[in-house]
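Some notes on the structure that comes next.
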Amino acid sequence: MTTGKTRDEIAEAYSSEPWWYDLRGFFILTFAYNSTIGTQMRFFGPNFGPDHLEVACGTGTLLEMVLNWRRRRKLPPVKVTGIDYAPSMLAGARHRFRNNPQVEVQHADAAQLPFDDNRFDTANIANSIHCFPTVDGALRDILRVLKPGGTLAANVLLYPSGFAPLRWAAQKINDWGIRKGILYSPFHIEELRAKMLAAGWEIASEFTSGNTWNVVVRKPL
């Protein structure tokens with residue numbers, strides 16, 4: 001498996017202005033993930049308990065869209081703690097949510113979370129688990145901070161498949177992402193499923209959309 005850089009090198013790769021990260025992310029979503037914003041909002045939107053952890057929240061653009069999606073559907077308000085390891089991304093998120101008491105943003109490593117055991121009801125990892133250099137550690141520590149029965153939703157970038165031109169384009173973007181440091185590695189579904197089960201999670205639901213595996217896992221009661 002081709003792998004990328006360390007967590008600090010990855011953080012440095014996200015040193016661009018937040019607007020550029022968001023624009024770049026749109027093209028990656030379309031041509032590498034082969035997915036849509038609508039699919040992501042419908043997937044992540046329901047997985048918010050009263051006390052929610054948003055892992056690798058980035059600039060907060062998708063999180064804000066998901067919270068607006070929930071608001072339009074009159075779903076219950078929630079308290080959100082967003083974490084990220086890249087300072088420039090956190091700066092964008094702090095600015096975005098500066099007037100929103102519902103959302104708190106702080107610097108943290110997903111594999112070394114500064115939270116008590118059994119604190120959060122739910123967690124999401126949107127467009128990011130394949131950027132973690134320590135996936136196993138992140139899966140174990142997110143499990144630790146979730147309450148028993150709590151759920152984690154994640155979309156996972158897979159090795160490209162499907163129609164040749166789109167597959168080739170996705171592979172080129174992935175190769176660039178690894179060189180740049182914004183992607184650690186894509187996955188095979190079986191590979192990440194095994195990591196989740198080994199960390200102690202139970203698979204609650206899953207489906208594939210384009211080049212992404214969308215999975216909800218649960219911390220055992």
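Give me the number: length gained by fully extending Ala91 to Arg71, i.e. 0.36 nm times residue separation minus the C-alpha to C-alpha distance, one decimal in nm.
4.8 nm
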- Could you go through region 93-106 in sequence order and give the Karplus-derived ³J(HN,Hα) for each residue, using 6.51 cos²θ - 1.76 cosθ + 1.60 with θ = phi - 60°, rounded to whole Hz, and x for Gly and Pro? 5, 4, 5, 4, 9, 4, 10, 10, x, 6, 10, 10, 10, 8
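Looking at region 80-115, which trypsin sites (Lys or Arg not before Pro) are in a loop (DSSP not H, G, I, E or B) and have at most 12 other Cβ atoms within 10 Å? Let's see the in-between values first.
On the way: sites: Arg94, Arg96, Arg98; in loops: Arg98.
Sparse-neighbourhood loop trypsin sites (Lys or Arg not before Pro): Arg98.
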- Query: What FRET efficiency, computed as 1/(1 + (r/R0)^6) with R0 = 30 Å and r the Cβ-Cβ distance, is obtained for Ala194 and Gln112, rounded to the nearest 0.05?
  - Reply: 0.85
- Spacing of the two label points (7 Å from each Cα toward its C-beta) at Glu104 and Arg42, in nm: 3.4
- Taking 0.36 nm per intervening residue step and subtracting the Cα-Cα distance, what contour gain separates Phe207 from Asp51 on full extension? 53.6 nm
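Compute the signed sum of charges (Lys and Arg +1, Asp and Glu -1) over the other residues within less than 12 Å, Cβ to Cβ, of Arg70. Please report the intermediate quantities before stating the final value.
Working: positive: Arg42, Arg71, Arg72, Arg73, Lys74; negative: Glu64.
Spelling it out: positives minus negatives among the neighbours equals +4.
Can you give the Rg to Rh ratio for region 37-158, taking only C-alpha atoms and Rh from Kirkwood? Provide the component values of the computation, followed by the final result.
Working: Rg = 13.2 Å, Rh = 14.3 Å.
With Rh from the inverse mean 1/r over Cα pairs, Rg/Rh is 0.93.
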- Simple spin-label estimate for Val78/Thr134, 7 Å along Cα→Cβ, in nm, reads 2.6
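All of the numbers you see were taken from the coordinates with simple rules; none came from a lab. Just so it is clear, the structure is predicted and the values come from calculations on it, not from any experiment. Neighbour counts are summed over all protein chains in view; Cβ atoms, including those assigned to glycine, are modelled from backbone coordinates with ideal geometry.
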